[in-house]
Amino acid sequence: MATLLPPPKRQKSNYAKSLEKPVIVEAENIPSIVVQFKSSEDGSNLGPAINLPADTGRDALQMLVNKLRGETEDPLPYAFHLVPKTPSTSTSPQSARVQINNSIQLDALKVSGTTFSPEDVFELWCEPQAVFRVRSVGRCSATLSGHSSPILCCAHSPTGKYAATGSGDATARIWDMETGTPKSTLSGHKGWVLCVEWDSRENILATGGHDGQVRLWVPSTGQPHGQPLLGHTKWITSLAFEPLHLVPSNSPSPRLASASKDGTVRIWNTSTRKLEFVLTGHAASVNVVRWGGEGVIYTGSSDRTVKVWSAVDGKLIRTLNEHAHWVNTMALSTDFVLRTGPFDHVGKVPKDDDEAKALALARYKNVISTHPETLITGSDDHTLYLWPDQASSSFSSTATPKKPMARLTGHQKQVNHVAFSPDGRMIASAGFDNAVKIWEGRTGKFIASLRGHVAAVYRVAWSADSRMLVSASKDTTLKLWNLKTYKIRIDLPGHTDEVYCVDFVADKVVSGGRDKTVKM
Amino acid sequence: MDEHRRRHGRRMDHEERKRKRTAREAHKASSDAQKIFGHKAKLLHAKRHSEKVQMKKTLKAHDERNVKQKDDGAVKEGALPTYLLDREGQKDAKALSTAVKDRRKDRAAKYSVPLPKVRGIAEEEMFKVIKTGKHKGKSWKRMVNKATFVGEGFTRKPVKLERFIRPMGLRMTKANVTHPELKTTFQLPILGVKKNPQSPLYTSLGVLTKGTIVEVNVSELGMVTTGGKVVWSKYAQITNNPENDGCINSVLLV
């Protein structure tokens, strides 16, 4: 007798299936931890230490912090992170802090190689974030051609409606950002247009050229605003407008500071187009000039010094010489606020000059109240220096204005560009060593190094809510960085040659480079 | 010649004669060029040829200057943003080395002296060998041939042990110090020899040669520091050869 196969099984009925014993999920042992919330502005404790289960989600943590601060009506979004107490060798060398994105259990305890255990008291640093969120940039929406030479500089207007680009063909063009079309062409320069700046009321556009001329334009019509401002003997390296809240009520338009390779900075009155005064004193090219919110002008130069001048009479207040090589770039913590003036994310258009000034002043005071205006300078000697507030008349006993607050080392090559995030909490620095480094804006402590570019990084730009960072590099790509994991979020290729300049407008990134196209 | 001119002036018809001579020069030059022969001629013609070439160049330059050309507004190729200008092909290593060299030059400029280099002096010139001993066979003593400075309260070592003799006739105590800005000269007492560029041995002996840095007493000048204290000594560098002139001329190092 051959072996008989057993009769085929009957399909189990639903009822039969339901009689199967349910699989018991093993209840994981979720430890209970003690959490102390600390505010990252001043390090103070927000409420007492709280006993929490370790898998509390980020939203729950956020709600807790808002309740502790008593802000249940106007809840602010918060970002949390932990600082490991002892730097263990196995933690990634790139970041010195652990971001809490999901919950403490998933991000800190479960991740192997970190030195956290459930018995510690976790000090959770909370950083308030901007209430609005900028939409993430995904792809190139428009490629605008028109320039016949590499594009050297770009700047977005304070409202975000327009962007201006300057190029090597001696013209500057204004592009309409909402429709992605060119608006006007501003020609008149006799050399490359090296820098372009908007004033905070969007009334005047200033361009500086390789021929040493500064020209003013009216952006709405595209016509020049009078004769060019002559006086510099070499090319213009940088332009800076006076902040709106410092302009006295009788003069209609802010003054303009122009820095040039000939070592001088000239302050012009834009309404009369006359020279007000000249700041001399630098022994070599002045590379960058910034107009601070307290009525001081900062200049960084190739003679390795940074000089602080009074904007009222043009007298030198102080010289800061700590750098060992050319000072390439400078940024103020109030840069974003001064540049956008009275316009904020609400989108309200001020009716007249006085209202605009009042709005600008209110925004400025808001930023200053948490932390005074600090300056960061980057140089060819691979370091950056963070300087304390230069203008305040009452100095704290610990900080002498001539000594830097911190020295930021880590770059292996020259530092090309540095930028403060709009809320002043973080600093991004781009260098020729292909890395973008993030530092803490208050103290200058290193946070993370963003690697991904394969050639020198030329420029960085922050989004208005300080959540996104875009960097432009010699390797023809732009990269958008995820600031939670410190890795690349989106790669924006598409340029066919080096990208020289980038700027972040509302939710668009405008970039221009050697391939003569502007991409949005 | 200058002395004579200062004393007696020139001839009455000097101007006239000078004018006529310069007028004749062109003719004389041309007749020379035609008549001279031999190697004198070769030299003269070579010189004239180079002068002619120079003249042609300057004339051409003048012509170009007079013609005002319209700048074709040639905007140069290769536009670069501001942070890349001045960086043509400069490698990182070179940037660091140029920075280091710049700093060294800045620092060195602090110690610049009027005479940075001096002629080296041989030992035979500096010392004369003195033969001693019963049969004048020993020659281990030396006598300094140049001006020296010995301080106040200097007593010689025991003669038998003295190796270097500094003759009293060549000892100097005062120096004529010129202030470089005021251009006035004062006679100031020497306080000591700071450095002789020839050798540290000469510094310790106190030999004064050209280029030596000496310390002089400047209380006579009445200089005051920013703190209110009176300056009473400064450095000066010797600018002549004292053994030839019999006096020390120097320049104050301010």
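Strands (runs of 3 or more DSSP E) fully within the range A:415-520 that include at least 3 residues being among the aliphatic types (A, V, I, L, M) and touching a residue at least 12 places away in the same chain (Cβ under 8 Å): A:415-420, A:426-431, A:435-440, A:446-451, A:457-462, A:468-473, A:487-492, A:499-505. Here residue A:127 passes the criteria (1) part of a strand (DSSP E or B); (2) modelled with pLDDT of 80 or more except the one numbered (2).
I need the full set of residues from the range A:155-175 which are surrounded by fewer than 24 Cβ atoms within 10 Å (Cβ to Cβ), touching a residue at least 24 places away in the same chain (Cβ under 8 Å) and within 14 Å of chain B (Cβ to nearest Cβ), in order please. Result: A:170, A:171.
With respect to the conditions (1) among the hydroxyl-bearing types (Ser, Thr, Tyr); (2) in contact with a helix residue (DSSP H, G or I) (Cβ under 7 Å, 6 or more places away or on another chain); (3) over 30 Å from residue A:128 (Cβ atoms), residue A:271 lacks only one, and its number is (2).
Determine whether residue A:287 is within 13 Å of chain B (Cβ to nearest Cβ) and at pLDDT 85 or above. Don't jump to the end; show me each part of the working.
Details: within 13 Å of chain B (Cβ to nearest Cβ): yes; at pLDDT 85 or above: yes.
Spelling it out, residue A:287 is indeed within 13 Å of chain B (Cβ to nearest Cβ) and at pLDDT 85 or above.
Considering A:219, A:228, A:248, the condition of being of a type outside the set (D, E, K, R) and more than 30 Å from the chain's Cα centre (by Cα) is satisfied by A:228 alone. Within the range B:78-103, which residues are assigned to a loop (DSSP other than H, G, I, E, B) and at pLDDT 75 or above? Result: B:78, B:79, B:80, B:81, B:82, B:83, B:84, B:85, B:86, B:87. Each residue in the range A:139-154 was checked for being in contact with a Phe, Trp or Tyr (Cβ under 8 Å, 6 or more places away or on another chain) and either within 13 Å of chain B (Cβ to nearest Cβ) or farther than 25 Å from residue A:463 by Cβ (or both), and 5 pass.
Per the listing A:188, A:231, A:222, the residue uniquely farther than 21 Å from residue A:500 by Cβ and within 14 Å of chain B (Cβ to nearest Cβ) is A:188. Applying the criterion of being assigned to a loop (DSSP other than H, G, I, E, B), touching an Asp or Glu at 6+ places or on another chain (Cβ under 9 Å) and surrounded by fewer than 19 Cβ atoms within 10 Å (Cβ to Cβ) to the residues of the range A:403-414, the residue that is modelled with the lowest pLDDT is A:403. When residue A:260 is tested against (1) within 14 Å of chain B (Cβ to nearest Cβ); (2) on the phi < 0 side of the Ramachandran plot; (3) surrounded by fewer than 22 Cβ atoms within 10 Å (Cβ to Cβ), exactly one condition is not met: (3).
Residue by residue, here is whether (1) at positive phi; (2) surrounded by fewer than 21 Cβ atoms within 10 Å (Cβ to Cβ); (3) at pLDDT 90 or above; (4) among the β-branched types (Val, Ile, Thr) holds:
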position: A:234; (1), (2), (3), (4): no, yes, yes, no
position: A:237; (1), (2), (3), (4): no, no, yes, yes
position: A:244; (1), (2), (3), (4): no, no, no, no
position: A:247; (1), (2), (3), (4): no, no, no, yes
position: A:251; (1), (2), (3), (4): no, yes, no, no
position: A:256; (1), (2), (3), (4): no, no, yes, no
position: A:267; (1), (2), (3), (4): no, no, yes, yes
position: A:270; (1), (2), (3), (4): no, no, no, yes
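Residue pairs whose Cβ atoms lie under 7 Å apart, separated by 6 or more positions or on different chains, with the first residue in the range A:345-366 and under 18 Å from residue A:243 (Cβ atoms) and the second at pLDDT 80 or above and polar (S, T, N, Q), are A:360/A:200; A:364/A:334. On the given criteria, is residue A:319 over 21 Å from the mean Cα position of the chain (by Cα) and either away from every other protein chain (no Cβ under 14 Å) or among the aromatic types (Phe, Trp, Tyr) (or both)? Yes, satisfied. Within this structure, residue B:136 passes the test of being free of Cβ contacts under 8 Å to residues at least 60 places away in the same chain, at positive phi, loosely packed, with under 15 Cβ neighbours inside 10 Å and part of a loop (DSSP other than H, G, I, E, B). Taking the range B:1-23 as the range and being basic (Lys, Arg) and either over 29 Å from residue B:48 (Cβ atoms) or at pLDDT below 95 (or both) as the test, the residues that pass are B:5, B:6, B:7, B:10, B:11. Checked against (1) surrounded by fewer than 20 Cβ atoms within 10 Å (Cβ to Cβ); (2) touching a residue at least 12 places away in the same chain (Cβ under 8 Å), residue A:179 meets all criteria but (2).
Please verify whether residue B:199 is farther than 17 Å from residue B:116 by Cα and either among the charged types (D, E, K, R) or modelled with pLDDT under 95 (or both), treating the condition exactly as stated. Walk me through it before giving the result.
Numbers: farther than 17 Å from residue B:116 by Cα: no; either among the charged types (D, E, K, R) or modelled with pLDDT under 95 (or both): yes.
When the stated conditions are applied, residue B:199 does not pass them.
Considering each residue of the range B:139-153, count those that are surrounded by 11 or more Cβ atoms within 10 Å (Cβ to Cβ) and without any contact (Cβ under 8 Å) to a residue 40 or more places away in the chain, and give that number.
The initial filter retains those residues of the range B:139-153 that are surrounded by 11 or more Cβ atoms within 10 Å (Cβ to Cβ), namely B:139, B:141-151.
Add one more test, that the residue is without any contact (Cβ under 8 Å) to a residue 40 or more places away in the chain, and what stays is B:139, B:141-143.
Within the range B:139-153, residues that are surrounded by 11 or more Cβ atoms within 10 Å (Cβ to Cβ) and without any contact (Cβ under 8 Å) to a residue 40 or more places away in the chain number 4.
Hey, among A:145, A:141, which residue is among the polar types (S, T, N, Q) and more than 28 Å from residue A:426 (Cβ to Cβ)?
On the way: A:141 fails: more than 28 Å from residue A:426 (Cβ to Cβ).
Answer to the selection: A:145.
Against the test of being more than 14 Å from chain B (Cβ to nearest Cβ) and crowded, with 24+ Cβ neighbours inside 10 Å, the options A:427, A:438 yield a single qualifying residue, A:427. Within the range A:478-516, the residues that satisfy the criterion of being of a type in the set (Lys, Arg) and under 18 Å from the mean Cα position of the chain (by Cα) are A:479, A:484, A:487, A:489, A:508. With respect to residue B:106, determine if the residue is at pLDDT below 90, in a helix (DSSP H, G or I) and more than 14 Å from every other protein chain (Cβ to nearest Cβ). Against the criterion (at pLDDT below 90, in a helix (DSSP H, G or I) and more than 14 Å from every other protein chain (Cβ to nearest Cβ)), residue B:106 does not qualify.
Do we have residue A:344 as part of a loop (DSSP other than H, G, I, E, B), modelled with pLDDT under 85, among the acidic types (Asp, Glu) and surrounded by fewer than 22 Cβ atoms within 10 Å (Cβ to Cβ) here?
Values: part of a loop (DSSP other than H, G, I, E, B): yes; modelled with pLDDT under 85: yes; among the acidic types (Asp, Glu): yes; surrounded by fewer than 22 Cβ atoms within 10 Å (Cβ to Cβ): yes.
So residue A:344 fits the description; yes.
The values are calculated or read from the model by the stated rules, or taken from the named source; none is laboratory data. Computed from a predicted structure; not experimentally measured. Backbone-built Cβ (ideal geometry, glycine too); neighbour counts: all protein chains shown.
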